[in-house]
1. Those residues that are surrounded by fewer than 22 Cβ atoms within 10 Å (Cβ to Cβ), among the polar types (S, T, N, Q) and within 29 Å of the chain's Cα centre (by Cα), I need them from the range 391-432; list them, please.
2. Hey, which of the helices (runs of 4 or more DSSP H) in the range 275-392, taking only ones fully inside, have at least 1 residues that are under 30 Å from residue 18 (Cβ atoms)?
3. How many residues are more than 33 Å from the chain's Cα centre (by Cα) and surrounded by fewer than 13 Cβ atoms within 10 Å (Cβ to Cβ) when one looks only at the range 579-599?
4. When the residues of the range 181-206 are narrowed to those that are over 22 Å from residue 97 (Cα atoms) and surrounded by fewer than 20 Cβ atoms within 10 Å (Cβ to Cβ), which ends up nearest to the chain's Cα centre (by Cα)?
5. Checking residue 220 against (1) in a helix (DSSP H, G or I); (2) buried (at least 19 other Cβ atoms within 10 Å of the Cβ): exactly one of these is not met. Which one?
6. In the range 647-656, how many residues are surrounded by fewer than 24 Cβ atoms within 10 Å (Cβ to Cβ) and either touching a helix residue (DSSP H, G or I) at 6+ places or on another chain (Cβ under 6 Å) or under 18 Å from residue 558 (Cα atoms) (or both)?
7. Looking for something closer than 23 Å to residue 359 by Cβ and touching a residue at least 60 places away in the same chain (Cβ under 8 Å) - is there at least one such residue anywhere in the range 741-753?
8. Any residue at all in the range 422-440 that is of a type outside the set (S, T, N, Q), touching a helix residue (DSSP H, G or I) at 6+ places or on another chain (Cβ under 8 Å) and closer than 25 Å to residue 511 by Cα?
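The values are calculated or read from the model by the stated rules, or taken from the named source; none is laboratory data. Treat the numbers as computed from the prediction; the structure is a model and nothing was measured. Note that we place each Cβ from the backbone using ideal geometry, even for glycine, and neighbour counts take in every protein chain shown.
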Amino acid sequence: MKIAVIGGGPGGLYFSILTKKAMPHCQIDVYERNKPDDSFGFGVVFSDETLGEFLKHDMQSYELIRSKFAYWDDIIIARDGEEVSIAGNGFCGCSRKTLLQLLQQRCKEEGVNLHFEQNVDDISLFENADIVIASDGIASGIRTKYEKEFGTKIVMKQNRFVWLGSTKPLDTFTYFFRNTEHGLIVAHSYQYEEGMSTWIFECSDETWQKFNFEVINEADTIAKISEIFKDELDGHPLISNKSHWRQFPHVTNENWYHKNIVLLGDAKATAHYSIGSGTKLAMDSAIGLSDAVIANPTDVQAAFQQYDKTRRNTVEMIQYAALVSLDWFENMNRHNQHPFYQFAFGCMTRAKKVTFENLRLRDKSFTDKVLNEFNGKNNVNDKNQSAAFTPFKLRNLELQNRIVMAPMGQYAAEKGLVNDWHFQHYTSRAVGGLGLILTEMTAISETGRITEGCAGIYNENQISEWKRINYFIHNYTQTKIGIQLGHSGRKGATKKPWEDSFNGTNWELLSASAIPFNENSKTPKEMTLSDMDLITSQFVQATKNANTANFDMIELQAHHGFLLASFLSPLTNTRTDEFGGSIENRLKFPLRVFIEMRNVFPKEKPMSVRISATDWAENGISEQDVITIATAFKNAGADIINVSTGNTVAGQKPQTGRMWQTPFSDTVRNTVHIPTITAGYIQDIDQINTIILNGRADLVALGRPLLLDANFVRNAQAYEQFQATDIPNPYKMGISHLYPLKASERKQVEGMKKALKPKSNKKN
């Protein structure tokens, strides 16, 4: 087999080593445009986990890299003179130049042919090669030539950064945050060899513009940055190496191979440096490609297919984590308003891979500082109390904890009337210790239902049945209950989720514009002024009914493409009158409804609005639109915003994952300065504590975790050893069973986590 590797970076070299070692008779030629000792940039970062992978695949490479790196276990976060050190992280830094030289050495030892100062523009020169590996970097000429075939997408991210070096010695990886007259600038800094450290300076584009930095004027950059970070540099100079200000390119490819060409390294996928995964991604993918070629020595296409199948999910996960991390740094000016330890905690947990419990196992002294600061700020006497179990107040309504049951349709009502099913559903979760229950979307009219099984609150019988549920909750539990009032809009008159088709009685659908939800949906009527008057009056009456039924709170449904939400998104509102066009116009009707509801609901009782913060679709609602919406509702008297996303249009493409909607809640909460509720694949008490402690939301709503576990909160309280005061007397004897059991389970889980922690690669 003949393999041509275009680009002699870490990925291309490591692939060559592994493959030649396993297949000594194959011919591998590496073509690199630079000289052997050329290298741009300064240090690269590896985790203990990554080094462990190197150990498994090539001991010689591992030992060579290990002999030259600088190891650190701590991460320091510093902001304007305040700093905290967090132990137990396990990373090393290595000179990029040294890494390349070591990998070049291993290539020579294995018999790989290295060709330097070879700028490959024409791959037809390698038409006799069985495989051509395009590992020629972010600006890959080969990938560019076949851009359509690869399905390449490059998105330039907002922040500006410049990669510099210094002689400043550093014992740990350190984030130096410095407030300036033009905004926050951060230095990602670490030592990578004796007497040398990497300094990546990053700031928003706005800050960069205001400082009048010049893209290619290295002397200007060094002079200005040296002055800003003079205390951190402590008299040590900054060193440049083609150190130009850049924006990070997020590179993805739908296809990783075309004919006999396959992508590797930055040519294939990039990961932001804030999670230290660029080189890791390249070398891990090199392992995957090598394994695939070795397993399929006579079938190149099968090898490529295996490479894609085994590596794509991992690559996409790393890229997603990198994007989430990058997003935190792009919004660091917003996070900067937080107290210091909350800010530091947010920085450590920014990619959602690290949680409060992870950090607690690494360095309890740090998480104690975070928790003490949070509880002190919230006037909680017990400074070690779990954040999730601290009280939270909205107007005169005090919640015993911050865990909420999200609105979840039960589709079990008859003619809008809730029944015994709903009674047991809501009351059992209240007994289970939730802070707040939000009911399923409850229709304001018969034709406002989504399905014929949806609940309503538009007649006396319905009020009476809701009152029965609320009586139990208020008299036997400390849980509070709010009702979500809504109208289905164009998403009405449809089947229940478990039904194959809708066999009921159809009714007229209303929406902002006459646009059906999907190809199988009825076309709704575009609402007239008289329709708006009617709907408003129905919302007002439903509000009065909800108060009569003794609900503690009301949430207005303005999300997921239902009636009011259809006005807010430009994808569902194409009106040309005063209710269409600008976001201010699109807001008019939903805002009118809310204001009139607020006017008839008791002042001491809070109101929430649930919105979709993105449509997950092109040309949908923008971040600025969302800020405008949340601000308008806040000014109209909303006490909290329940931040959801999507479900506006049928062709949405959401980016899901654990805690996937929390960044949107973060944006609303910390820009508009209004409390928020977040939801979205949140599964355990650790995630809840993490979200609250880093200031991304004030309340956390759970949906599916509560469907089959009405006692989620009780189990979480036992796991945290929180002594709940609201356990009903008949159930208190269960404490002696559950609390020791959960304490034992936690000890076992923590033991397993410690055992699974990658082995330290620190040199003795």
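1. 400, 410
2. Per the criteria, 278-295, 300-330.
3. Count: 1.
4. In this case the residue turns out to be 205.
5. Exception for residue 220: condition (2).
6. Total meeting the criteria: 4.
7. Checked the range 741-753: at least one residue is closer than 23 Å to residue 359 by Cβ and touching a residue at least 60 places away in the same chain (Cβ under 8 Å).
8. Within the range 422-440, none of the residues are of a type outside the set (S, T, N, Q), touching a helix residue (DSSP H, G or I) at 6+ places or on another chain (Cβ under 8 Å) and closer than 25 Å to residue 511 by Cα.
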